[in-house]
Amino acid sequence: MNTESTTQSKTTEILEKQKKYLWPNHLLYYTEPLPLERGDGLYVWDVEGKRYLDFFGGILTTSVGHNRPEVVQAVQQQTEKLIHSSTLYPNEAHVNLAEKMAELAPGKLQVSYFTATGSDADETAVFLAKTHTGYQEIIALRHGYSGRSAMGMSLTGQHTWRIGGTHVLGIKHALNPYCYRCPLKMTYPGCGVACAQDIEDTIKTTTSGRIAAFIAEPIQGVGGFITPPKEYFKIAKEIVKNYGGLFIADEVQTGFGRTGDKWFGIEHWEVEPDIMTMAKSIANGFPLANTITTPEIAECTRTAGLTISTFGGNPVSCAASLAAIGVLEKEASPQHVAHLGKMFRSGLDRLQEKYAVIGDVRGMGLMQGLELVKDRQTKEPSPEATKQLFEATRELGLLIGKGGLYGNVIRISPPMTATEEDVAVALDLLDKGFGKISRT
Ligand SMILES: Cc1ncc(COP(=O)(O)O)c(C=O)c1O
């Protein structure tokens with residue numbers, strides 16, 4: 001009894017301080033926000049001691065699970081030696097990680113610039129593309145997401161995340177390869193992937209005709225796990241090249257085996273980007289991001305002027321990243337993710353057969369989305385059902401994510417060290433959650 005009143009007051013205390021001392025624009029999940037206290041593997045506990053199966057993975061970030069011992073140990077060891085160096089001094093973890101990135105990244109992508117967040121990485125990629133090409137204009141995609149800096153918000157193609165009116169000039173947004181809600185009202189494959197041609201129309205009609213880059217996520221994360229058709233990026237890259245631009249693949253959500261079978265999402269489309277950005281899963285929760293490119297493209301930075309990153313290549317984050325990648329290689333390889341992803345997907349397809357509210361199931365590997373609708377014919381989005389499912393699954397002890405321009409996509413992305421049993425438990429809890437909201 002006593003313990004209960006102490007822990008309950010802890011929740012209240014945290015929420016009161018949150019309200020009083022943090023900006024009101026901190027987006028918090030759930031009607032009653034959920035303060036977390038600790039994590040272990042696939043599970044997290046709130047301050048009241050309730051346990052949750054984490055199938056959102058800290059926004060696709062805890063790639064090998066919470067407090068994974070190998071990561072904790074690597075961080076402890078590095079912390080005892082050197083916590084900080086800045087990019088002014090080389091450090092061993094930094095160069096070793098850069099070497100590892102060159103090994104994992106496809107083709108000629110060999111040289112890295114590490115920063116602290118995905119927004120930094122995209123910003124760095126755009127700077128590089130502009131410096132290399134000498135052109136200024138950028139094509140991004142509608143429904144895309146690139147972060148919260150002025151550049152990140154300007155690249156983003158969702159009004160909900162483009163706040164404050166701070167917009168960088170010279171960025172245009174092409175139509176989205178969003179088959180479930182085709183912007184051209186066509187149907188794949190009969191459409192001939194007409195949406196990809198819109199990149200050329202956008203270049204011809206809204207730019208000077210010479211662009212620095214096209215930036216796109218292989219699978220749009222915040223946009224709601226929108227997965228382009230298999231021909232899309234080959235067509236896109238060819239068009240972009242013809243107009244002088246580089247292709248930046250934003251792998252912030254899709255990297256490190258998340259999509260199954262491959263280390264990076266774009267490899268499924270058999271296209272080699274000129275620049276790739278990554279963050280989130282890179283260091284299992286430590287702040288780290290990377291922009292990787294070819295030595296030839298990076299060469300232009302030699303004479304481009306001065307730049308430093310205080311936290312870029314932070315030795316502790318780099319040590320965490322090396323340890324997390326080691327765990328992925330050992331027990332959660334892209335093949336493991338593909339296997340679990342298949343199992344998870346067939347379970348989700350079964351849920352779609354059972355619950356009319358699930359309009360679309362999409363994604364790859366352990367990045368699976370459910371688009372919720374009021375009516376399968378009209379496809380009217382149901383943010384209400386999303387909200388209800390959130391509350392129901394919280395009650396059941398399952399954490400999931402959401403996204404989409406209409407706030408109606410459930411995003412599911414557990415740590416990649418998940419097992420078949422974890423997936424079975426999550427499917428059961430989702431079934432129960434949908435069962436609950438279908439009765440209300
Ligand atoms: C695809 C993509 N790019 C960039 C970002 C920005 O990353 P960060 O929040 O670390 O700045 C995000 C964040 O969700 C993202 O999903």
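The values are calculated or read from the model by the stated rules, or taken from the named source; none is laboratory data. Just so it is clear, the structure is predicted and the values come from calculations on it, not from any experiment. FYI the Cβ positions are ideal-geometry reconstructions off the backbone, even for glycines, and counts take in every protein chain you see.
Here are a few things to note about the model shown:
- For the range 213-238, filtering for residues that are without any contact (Cβ under 8 Å) to a residue 40 or more places away in the chain and within 16 Å of the ligand (Cβ to nearest atom) leaves 1.
- Identity of the residue in the range 407-440, in a helix (DSSP H, G or I) and of a type in the set (Gly, Ala, Ser), that ends up nearest to the chain's Cα centre (by Cα): Ala426
- The lone exception for Ala93 - which of (1) at pLDDT 95 or above; (2) surrounded by fewer than 22 Cβ atoms within 10 Å (Cβ to Cβ) it fails: (2)
- Listed conditions (1) outside any helix (DSSP H, G or I); (2) within 21 Å of Leu155 (Cβ to Cβ); (3) more than 11 Å from the ligand (Cβ to nearest atom) are all met by Lys241, apart from (1).
- Residue in the range 298-313 that is nearest to the chain's Cα centre (by Cα), counting only those that are of a type in the set (Val, Ile, Thr) and either within 14 Å of Gly134 (Cα to Cα) or surrounded by 11 or more Cβ atoms within 10 Å (Cβ to Cβ) (or both): Thr310
- In the set (1) more than 16 Å from the ligand (Cβ to nearest atom); (2) touching a Ser or Thr at 6+ places or on another chain (Cβ under 7 Å); (3) under 24 Å from Trp161 (Cβ atoms), Val252 fails one condition alone, (1).
- Flag set for Ala121, criterion: within 12 Å of the ligand (Cβ to nearest atom) and either within 22 Å of Thr206 (Cβ to Cβ) or small (Gly, Ala, Ser) (or both).
- Summed over the range 204-234, the residues that are out of contact with any Lys or Arg (no Cβ under 8 Å at 6 or more places or on another chain), farther than 30 Å from Lys402 by Cα and outside any loop (DSSP other than H, G, I, E, B) give a count of 3.
- So Ser317, is it among the hydroxyl-bearing types (Ser, Thr, Tyr), touching a Phe, Trp or Tyr at 6+ places or on another chain (Cβ under 6 Å) and within 12 Å of the ligand (Cβ to nearest atom): no
- Evaluated against (1) closer than 30 Å to Glu421 by Cα; (2) within 21 Å of the chain's Cα centre (by Cα); (3) assigned to a helix (DSSP H, G or I), Lys330 falls short on exactly one condition, (2).
- Any hit, the range 114-125, residues being farther than 20 Å from Tyr232 by Cβ, of a type in the set (A, V, I, L, M), buried (at least 20 other Cβ atoms within 10 Å of the Cβ) and in contact (Cβ under 8 Å) with a residue 24 or more places away in the chain: yes
- Of all residues in the range 151-169, exactly one satisfies the criterion of being small (Gly, Ala, Ser), touching a helix residue (DSSP H, G or I) at 6+ places or on another chain (Cβ under 9 Å) and over 30 Å from Gly359 (Cβ atoms), namely Gly164.
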